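Taken together, the values in this text are just the output of simple stated rules run on the coordinates, not laboratory data. All values derive from a computational prediction rather than experimental measurement. Here the Cβ positions follow ideal geometry from the backbone for every residue, glycine too, while neighbour counts run over all protein chains shown.
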Amino acid sequence: MSKTTNKFSPEVRTRAVRMVLGHGGKYPSRWAAVFSVSQKIGCSAHTLNEGVKKAEVDGGRRAGVPSKVKLKDWSERTGSCGRPTRSCAKPPHISPRRSSTAH
């Protein structure tokens, strides 16, 4: 079981991110906006800032790999048990070396 839990619903997290992005111009810096909104909803500023950055990547406003691509890529690389498929594959066939004295 994971040590971290999501105390906030996806709707609350989405709204907090929208608040930061929408009202960021009213604050002297982006961090000030993140800090202010995080205090209002009761989460850590770091967590909210990570959510804002993820939303920017997913929206194409920031460089990075969008969440949907990461999930798709991971599901293609893992088998049904969730382990990487490479670990379940058979090792490649290796031909035995021939002796230099044999003809």
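Computed 3J(HN,Hα) for the range 36-41, one whole-Hz value per residue from the Karplus formula 6.51 cos²θ - 1.76 cosθ + 1.60 where θ = phi - 60°, is 5, 5, 5, 5, 5, 9, glycine and proline marked x.
Length gained on full extension, Lys53 to Lys68, computed as 0.36 nm times the residue gap minus the Cα-Cα distance: 3.9 nm.
In this rough spin-label picture, where each label sits 7 Å from Cα along the Cβ direction, the Arg18-Arg30 distance is 2.0 nm.
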